[in-house]
């Protein structure tokens, strides 16, 4: 996190409106980015964003990246017919607007605050200048981009190699680490609609609903109003078992 | 390029075996990475790699990235049943091994030299140390990673939103800028087999062969032994026309 959520009394506000904490318990990587956001040369703008507000549209000029302090942002890929595909569910410690770093002219994605959210908008031209003086922050952003790239390539591979059930299981496990998931006694509660899940898996809503029913019948998942309750570890081992029996069929074993 | 290919006489070899050029015509971004590779603290290893040699396997520990000076490297995503999907066609100025930067334990991809190739292998632990002193190189790698991420997300979106023909057209245009393409009077000659193209598009070889036949019948492409000749601009406008007539059908226009 860029700020320490549980210690509001230790949080000070600097003249840019960004917050920081004096806690030494902050992870090194995170404090590197928190320090970055304190640099007045960034011309960073801290903002309260209401639920439902769009941070950027696919056709908007990619000029800024957005660091999330509190709340939740979801990014979507939208095609020319306004079909959307959920790409990332982001929360505190996360950031979006990657296209701006690649000097892509347009974002190519939509980012929307799902709940009341606090972000810092950083103009990318200033950011690139400042990063030349703060190499540790540049290295940290580079590592996080490489992580996003690995996730994206795994996602694309899944679309080619995996069937819908495998992709659904992997997507549920991935989102169980996201800002949309809250731990509970059974594992996690994931706040997502069938439609949004279908957009992430890349299939029709009806297909996802059917697959979720099958998981429910196997006691691997409970469904509720706009939420799913499951144990990610159980889904992971179920997916591995499925993979093995699938291989056995293919190999005649 | 990390070296200026046409001016061998001006190329000097430093004690690490990396080459550099004194030409001021080198692009700024490229010289930043060329300068990086000269740093002895990197412990970089320049190597001649014969055609067909694998640089890394998906299951190998991701410890190094590879900068390409000459030749061609292709990266593949391989699933548990050894089905491969072509991800990138890389040449001079390019690099691979992105997983190492994300501190992913394994590469998750295969990289293979397609022709006799010259690369510099850079251990990532040393690289991250050196980048903390060479922020411009860190920023440049960050930008290139952001570009790779945009390409990967566009690719995944294509797998969900586009039909096979659209994906084939986009893939041909993308590869027309790659190391596998050589400019000629008609546009480019792309050296690729139907099987490799199918792996990139994410469909069966038969599907790609059929689609190529249709493009040939429309005089948009010529096929030869392991190569395709076409004008990328013509394919791009054909794809746009196709998209428009497709939208018109959907919207009843």
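What to note about this one:
- Some residue of the range A:178-196 being closer than 30 Å to residue B:138 by Cβ and not assigned by TED's automatic domain parsing to the domain that holds residue A:71: yes
- Screening A:145, A:149, A:212, A:228 for residues that are within 18 Å of residue B:159 (Cα to Cα) and either free of Cβ contacts under 8 Å to residues at least 60 places away in the same chain or assigned by TED's automatic domain parsing to the domain that holds residue A:87 (or both) leaves exactly one candidate, A:149.
- Take the conditions (1) within 21 Å of the chain's Cα centre (by Cα); (2) in contact (Cβ under 8 Å) with a residue 12 or more places away in the chain; (3) surrounded by fewer than 15 Cβ atoms within 10 Å (Cβ to Cβ); residue B:174 misses just one of them, which is (3).
- Residue in the range A:91-108 that is away from chain B (no Cβ under 14 Å), part of a loop (DSSP other than H, G, I, E, B) and over 19 Å from residue A:200 (Cβ atoms) present: yes
- Scan of the range B:109-148 for residues that are at the interface with chain A (Cβ under 7 Å from one of its Cβ atoms), under 22 Å from residue B:60 (Cα atoms) and under 14 Å from the mean Cα position of the chain (by Cα), ordered by number: B:145, B:148
- Residue B:128 passes every criterion in (1) surrounded by fewer than 21 Cβ atoms within 10 Å (Cβ to Cβ); (2) in contact with a helix residue (DSSP H, G or I) (Cβ under 7 Å, 6 or more places away or on another chain); (3) closer than 30 Å to residue A:241 by Cβ apart from (3).
Table: residues versus (1) surrounded by fewer than 17 Cβ atoms within 10 Å (Cβ to Cβ); (2) part of a helix (DSSP H, G or I).
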{"site": "B:158", "(1), (2)": "no, yes"}
{"site": "B:167", "(1), (2)": "no, yes"}
{"site": "B:199", "(1), (2)": "no, yes"}
{"site": "B:208", "(1), (2)": "no, yes"}
{"site": "B:213", "(1), (2)": "yes, yes"}
{"site": "B:222", "(1), (2)": "yes, no"}
{"site": "B:235", "(1), (2)": "no, yes"}
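- Condition met for residue B:207 (away from every other protein chain (no Cβ under 14 Å) and more than 30 Å from residue B:36 (Cβ to Cβ)): no
- Scanning the range A:81-90 for residues being over 16 Å from the mean Cα position of the chain (by Cα) and at the interface with another protein chain (Cβ under 7 Å from one of its Cβ atoms) gives a total of 2.
- Of all residues in the range A:70-87, those satisfying the criterion of being modelled with pLDDT under 95 and in contact with a strand residue (DSSP E or B) (Cβ under 7 Å, 6 or more places away or on another chain) are A:76, A:77, A:78, A:84, A:85, A:86, A:87.
- Residue that is farthest from the chain's Cα centre (by Cα), among those in the range B:184-197 that are in contact (Cβ under 8 Å) with a residue 24 or more places away in the chain and loosely packed, with under 15 Cβ neighbours inside 10 Å: B:186
- Residue B:146 in contact with a strand residue (DSSP E or B) (Cβ under 8 Å, 6 or more places away or on another chain) and within 26 Å of residue A:143 (Cα to Cα): no
- Scanning the range A:155-181 for residues that are within 24 Å of residue A:99 (Cα to Cα), at the interface with chain B (Cβ under 7 Å from one of its Cβ atoms) and touching a helix residue (DSSP H, G or I) at 6+ places or on another chain (Cβ under 8 Å) yields A:155, A:156, A:159.
- Checking residue A:67 against (1) more than 14 Å from chain B (Cβ to nearest Cβ); (2) over 20 Å from residue A:139 (Cα atoms), the condition it does not meet: (2)
- Listing of strands (runs of 3 or more DSSP E) fully contained in the range A:47-89 that carry 3 or more residues being surrounded by 15 or more Cβ atoms within 10 Å (Cβ to Cβ): A:64-70, A:73-78
- Test result for residue B:33, within 21 Å of residue B:141 (Cα to Cα), surrounded by fewer than 23 Cβ atoms within 10 Å (Cβ to Cβ), within 12 Å of chain A (Cβ to nearest Cβ) and in contact (Cβ under 8 Å) with a residue 24 or more places away in the chain: no
The values are calculated or read from the model by the stated rules, or taken from the named source; none is laboratory data. On a predicted model such as this, the values are computed, not experimentally measured, just so you know. When we count neighbours, we look across all protein chains shown, and the Cβ atoms used for this are built from the backbone with ideal geometry, even at glycine.
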